[in-house]
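Have a look at the structure below, then the notes.
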Amino acid sequence: MLIYRSGIIRSLGTVKRKRRATPPPRQENRKKARLGHPPFGNFRACYRQVTLRKAKKEKGMPTTKPKARALYTAQARKHFWKPATLAGWFWSALVGVITLAGGWTIVRPVVHVDPYLQLNPASPFSERFKVSNDGFFSVYDIDVDCRIVKAVTTRGGTVSNVDLFNYGGYRKVIKAADSTTIDCPLSDFVATPNAKYVSAEIELSLAFTPSWYFWRKEKTVRFMGQLDSQGNVQWVY
């Protein structure tokens with residue numbers, strides 16, 4: 001059935017269709033992107049990329065950004081010892097010097113020789129000298145030599161330039177924080193009956209091999225004899 005109204009023919013039962021919305025032009029999309037509102041297509045691509053990265057992460061597959069970080073980390077590890085500035089070189093050199101000094105302080109031998117015990121107060125050459133190892137490691141193959149530089153008695157007798165090679169005794173090892181005694185027995189070779197020494201000077205020479213060393217070291221200590229209040233000679237440095 002047709003209805004005539006104002007010159008327009010309409011049919012009963014027909015449905016008016018809605019017009020399809022036209023997408024905005026490119027210029028409008030660019031304008032929205034500049035204003036911080038990306039078009040729907042760019043948002044969809046970003047969402048797809050984020051979803052793909054999340055799926056790779058859950059499966060344990062490497063993503064793009066960790067690869068870049070791994071490459072940067074590898075390069076940093078490769079050149080981590082190279083300072084980038086002059087101050088970095090300075091501090092690296094300072095740390096190296098301090099490390100070497102600390103290592104040398106630990107490894108270096110520390111051997112001391114001191115007067116220890118005088119068996120006969122009237123004879124300075126009856127002195128027992130103490131050799132102590134104050135280092136952190138043992139010392140080996142210790143040889144001791146004694147040299148009488150000069151000795152004068154009350155009667156004017158003089159003894160000078162007498163060498164007692166290895167008479168102080170041989171020691172196989174002196175452990176760390178340990179000690180031993182050595183002698184310089186001039187009285188066994190030179191007798192001074194009814195006379196006392198009024199002055200003397202001797203040298204004790206030690207040769208030993210420290211731990212972590214491939215060569216022998218030598219140490220020489222000189223002692224001077226001085227009279228005490230009782231007229232006996234006492235050894236001092």
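The values are calculated or read from the model by the stated rules, or taken from the named source; none is laboratory data. Model, not experiment: these values are computed from the prediction. When we count neighbours, we look across all protein chains shown, and the Cβ atoms used for this are built from the backbone with ideal geometry, even at glycine.
Kindly indicate whether any position in segment 147-160 is in contact (Cβ under 8 Å) with a residue 60 or more places away in the chain and either in a strand (DSSP E or B) or under 17 Å from LEU204 (Cβ atoms) (or both). So far as segment 147-160 goes, yes, one or more of its residues are in contact (Cβ under 8 Å) with a residue 60 or more places away in the chain and either in a strand (DSSP E or B) or under 17 Å from LEU204 (Cβ atoms) (or both).
In segment 120-138, the qualifying residues are those that are in a loop (DSSP other than H, G, I, E, B) and at pLDDT 90 or above, and the one that is surrounded by the fewest Cβ atoms within 10 Å (Cβ to Cβ) is ASP134.
For residues in segment 181-192 being outside any loop (DSSP other than H, G, I, E, B) and among the hydroxyl-bearing types (Ser, Thr, Tyr), which is farthest from ASN133 (Cα to Cα)? Among those that are outside any loop (DSSP other than H, G, I, E, B) and among the hydroxyl-bearing types (Ser, Thr, Tyr), it is SER187.
To keep it simple, each residue is scored yes or no on (1) in a helix (DSSP H, G or I); (2) at pLDDT 75 or above; (3) among the β-branched types (Val, Ile, Thr).
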{"site": "ALA74", "(1), (2), (3)": "yes, no, no"}
{"site": "ARG77", "(1), (2), (3)": "yes, no, no"}
{"site": "SER92", "(1), (2), (3)": "yes, yes, no"}
{"site": "TRP104", "(1), (2), (3)": "yes, no, no"}
{"site": "ASP143", "(1), (2), (3)": "no, yes, no"}
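Filtering ALA176, ALA195 for residues that are under 39 Å from the mean Cα position of the chain (by Cα), surrounded by fewer than 16 Cβ atoms within 10 Å (Cβ to Cβ) and in a loop (DSSP other than H, G, I, E, B) leaves a single hit, ALA176. Within segment 106-119, the set of residues being in a strand (DSSP E or B), among the hydrophobic types (A, V, I, L, M, F, W, C) and surrounded by 14 or more Cβ atoms within 10 Å (Cβ to Cβ) comprises VAL111, VAL113. The single residue among PHE214, PHE208 that is surrounded by fewer than 16 Cβ atoms within 10 Å (Cβ to Cβ) and within 30 Å of GLY103 (Cα to Cα) turns out to be PHE214. Within segment 208-230, residues that are more than 25 Å from TYR140 (Cβ to Cβ) reach partners that are surrounded by 14 or more Cβ atoms within 10 Å (Cβ to Cβ) and of a type in the set (Gly, Ala, Ser) with beta carbons closer than 7 Å, at six or more positions or on different chains, in the pairs GLY225/SER199; GLY225/ALA200.
Do we find a residue being modelled with pLDDT of 90 or more, out of contact with any His (no Cβ under 7 Å at 6 or more places or on another chain) and surrounded by 14 or more Cβ atoms within 10 Å (Cβ to Cβ) anywhere in segment 154-170? No. Looking only at segment 217-235, residues that are over 13 Å from PRO124 (Cβ atoms) and assigned to a strand (DSSP E or B) come to 6 in all. Within segment 115-137, residues that are aliphatic (A, V, I, L, M) sit with their Cβ atoms under 7 Å from residues that are in a loop (DSSP other than H, G, I, E, B), at 6+ positions apart or across chains, in these pairs: ALA122/LYS196; ALA122/ASN232.
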